[in-house]
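The values are calculated or read from the model by the stated rules, or taken from the named source; none is laboratory data. Keep in mind the model is a prediction, meaning the values are calculated, not measured. As a convention, Cβ positions derive from the backbone with ideal geometry for all residues, glycine included, and neighbour counts pool all protein chains shown. Ligands, DNA and RNA are stripped out before the accessible areas are found, and what is left, the full protein with its side chains, is counted by its heavy atoms. Shrake-Rupley method; radii C 1.70, N 1.55, O 1.52, S 1.80 Å.
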Amino acid sequence: MKSSIIPRQSALHDWVEGLNITELPTSYQVLCGLSALGACLKRTVFIDQLRWKVYPNMSVMLVGPSGIGKDVMIDQTRELIETTKAIPVLGGKTIDHVKAEMLKIGSPAACYIAAPELTAFLGGKDYQKSMVQELTDLLSTGNKCDVSTKGEGKQIIPFPTVTMHAGTTGEWLARAMPDGSLEGGFLPRFVIVCEEYSRKHVAWVKYETSRMGLIAAQQAKAKYSKAVKNIVAEMCGKAYEMIPSEGAKDFYRNWYGNRFSYFSAIVRPYANRSRDHIHRLAMLMALTCGRRHLEEVDYQFAAEVIAHVAVGIDRVIAPIVVGQRRIRR
């Protein structure tokens with residue numbers, strides 16, 4: 001993915017410029033930078049589909065080999081979210097801890113969960129299926145999530161609005177992804193970006209970047225952080241519907257009609273869920289451009305991101321699903 005797909009007036013350019021001295025794949029930077037904004041906005045903005053509302057909290061799964069920078073990217077994003085003080089960053093490595101913390105947040109129960117090593121977060125293979133289902137429920141953005149137990153009695157998490165950043169390898173998906181993760185809705189709730197290698201090689205980030213370059217990168221990241229804070233402050237306490245222009249409606253209508261053509265038939269459940277991902281991407285892009293409505297350019301950007309995502313998913317996940325089906329037979 002090239003940073004040139006980002007509209008010229010978007011504040012996201014500052015985030016990418018700030019990380020440009022690293023080896024981090026541009027796709028990781030773009031998706032995590034936008035996702036951080038979406039997490040901090042909670043449910044203050046939305047796109048209304050009458051049957052449901054699309055909120056900006058966008059979970060991201062970074063797939064790539066060890067050493068590509070998944071941990072670093074998630075650390076950078078967590079730091080950005082923490083500076084806004086808009087939502088809590090939940091620690092802990094068990095689903096019970098996550099639920100207990102979410103019960104304390106209030107309404108909406110908006111939070112950020114970092115899982116740089118998804119394998120460790122999900123635990124042992126016998127435990128994973130249950131963990132995946134419970135996470136799927138929390139990531140569903142429904143009006144409530146019932147986490148009642150016999151011991152604790154009735155417990156309801158109001159308006160769960162979770163943003164999760166997870167990191168894993170294609171090998172883990174191939175070996176250990178629980179059956180039904182695609183059809184059951186766990187994986188489709190993430191924007192999954194798969195990269196095979198870093199976009200460039202930098203042996204010494206500190207020593208191979210000029211002092212002025214390091215200062216410029218620091219300033220650019222700070223500028224994006226300020227932009228995120230300003231957007232969040234402006235939308236705070238509101239319930240604001242993002243309205244599409246006629247051009248945006250036409251572009252999305254055409255994309256929607258052809259969305260399955262971007263993905264192989266084997267990952268159709270993910271293709272279907274991508275209809276909400278493109279709305280989130282367009283909404284967040286519009287906000288970083290200083291607009292409170294949706295233009296065609298926002299959906300053009302979002303469609304290019306989804307096209308990049310589709311290529312990676314077909315390369316990494318489709319063969320896994322085929323293999324699982326052969327085993328079942």
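Tabulated values for the structure
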read-out	value
For segment 218-265, alpha-carbon Rg relative to the globular expectation (2.2 N^0.38 Å, N residues)	1.82
Reduced Cα scattering model of segment 1-145, Debye log10 I(q)/I(0), q = 0.16, 0.20 Å⁻¹	-0.98, -1.38
Sites residue 100 and residue 275 - FRET efficiency at Förster radius 25 Å, r taken between beta-carbons, to 0.05	0.15
Solvent exposure of segment 180-255 as accessible area per residue, Å², 1.4 Å probe	60 Å²
Relative packing of 233-245, 274-286, which averages over residues the other C-beta atoms within 10 Å, highest first	274-286, 233-245
Share of pairwise Cα separations in segment 178-323, more than 25 Å, in percent	48 percent
Residue pairs, from the table 53/223; 85/221; 70/226; 53/99; 42/229; 144/249, whose Cα atoms sit over 19 Å apart	53/223; 70/226; 53/99; 144/249
Area projected by the alpha carbon convex hull of the chain, averaged over all directions, nm²	17.1 nm²
Apportionment of accessible area to carbon and sulfur, segment 1-76, percent (1.4 Å)	46 percent
Rg ratio (alpha-carbon, reference 2.2 N^0.38 Å) - segment 1-81	1.19
Charge sum, other residues only, whose C-beta stays under 13 Å from residue 257's C-beta, Lys/Arg counted +1 and Asp/Glu -1	+3
Equivalent-ellipsoid semi-axes of segment 230-293, from the Cα gyration tensor, Å, largest first	28, 14, 9
